[in-house]
1. For helix 39-49, what angle does its Cα long axis make with the longest principal axis of the chain, in degrees from 0 to 90 and rounded to 10?
2. Can you pull out the trypsin sites (Lys or Arg not before Pro) in segment 112-193 that DSSP calls coil and that have at most 10 other Cβ atoms within 10 Å?
3. When the C-alpha atoms of segment 47-153 are aligned to their principal axes, what extent does each axis show, in angstrom, from largest down?
4. With the cut-off at 35 Å, report for segment 20-280 the share of all Cα pairs above it, as a whole percent.
5. Using a Gaussian network for the chain with springs between C-alpha atoms less than 10 Å apart, which of these wobbles most: T116, T86, T61?
6. Ignoring ligands, DNA and RNA, what accessible area per residue does segment 103-163 give at 1.4 Å, in Å²?
7. Once you've got the GNM for the chain with C-alpha springs shorter than 10 Å, pick whichever of A234, A191, A173 has the biggest mean-square fluctuation.
8. Assuming R0 = 25 Å, can you tell me the calculated FRET efficiency for the pair H140 and R75, based on Cβ-Cβ distance, to the nearest 0.05?
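The values are calculated or read from the model by the stated rules, or taken from the named source; none is laboratory data. These figures come from a predicted structure and were not determined experimentally. In this analysis, Cβ positions are derived from the backbone assuming ideal geometry, glycine residues included, and neighbour counts consider all displayed protein chains. Protein only, heavy atoms only, side chains kept; ligands, DNA and RNA dropped before computing areas. Shrake-Rupley method; radii C 1.70, N 1.55, O 1.52, S 1.80 Å.
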Amino acid sequence: MLTSAGDLGRRSAERPTVTPMRIGDYHVHTLFSDGCDELAACVEHALELGLPELGFAEHFTPVCLADDACCSRDRVEEYVAAVRETAACYPELRLLCGIEADYLPEAAEETLALLTSFPFDYALCAVHFVDGFSFDEARHLEADGWRDVDHVWRRYYETLTEAAQTGAFDVVAHLDLPKKWGLRPSADVSALERTALQAIAAAGMAIEINTSGLERHPVTEMYPAASLLRRARAEGIALTFGSDAHRAAEVGAHFAEARAWAQAAGYESWLRLSDREPVALP
Ligand SMILES: [Zn+2]
Ligand SMILES: [Zn+2]
């Protein structure tokens, strides 16, 4: 349900004084996909934290079967309009309209067409599926797809490499997502990681530090791992930040830790997506 501009205008007159976190959150979900809160609630929390920018990135999966898990093709227009309407009510914050699009090789054409049909500010590239298997979901933990953990990891990096080579995306979402459940490869996947990083660099894509794994996933670690982040830095890959919030209260979560994680990996700047310029880490 869209929030009306009138509702958006009813904001608390006083905000708590906070030390601003001058890093934008570019990975936020709302009721337009599988988030729990409306756009305005996320904006209110971002303002409380002092974030300068907020980017929504609703799920889009061309073969989405669960209606409430992703933004269906016929709701994308409504989503884009709602972000614009909300942005008009909050001029003190830069609001961006992104999308978290799954890369499915069998539906690549449909996905790429969507990305060029709407005026998104950016497209996150997500690989939640390998060969049709949704390794990202808890209900699939006992599924056949996980019988060969190494296979999931191998196909993850191969699929991600292919996605980067399309040149259609801006930022890799949650790089090294298969670690979500704590299932690590027994085989060495470093060569596959290197190939993926090189494809990401060649495409001019950024990666994000995604803080959702730290507290909300069994792995209890941000994405990507520190070693992978260092290698991304060495490849000259730019960095963004995302909470992957599915609730307003999760917007900007653990960004201080994420900033420290970035600096420890050698990053001195992050990519501000509103103008696509690198700026010094605050
Ligand atoms: Zn995702
Ligand atoms: Zn997400």
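1. 90 degrees
2. Here the sparse-neighbourhood loop sites are R147.
3. Dimensions of segment 47-153 along the principal axes of its Cα atoms: 50, 32, 21 Å.
4. The calculated P(r) of segment 20-280 puts 8 percent of pairs beyond 35 Å.
5. Residue with maximal mean-square fluctuation among T116, T86, T61: T116.
6. With the other protein chains kept in place, segment 103-163 gives 46 Å² per residue.
7. With Cα springs under 10 Å in the chain, the top fluctuation among A234, A191, A173 is at A191.
8. After rounding, the FRET efficiency stands at 0.50.
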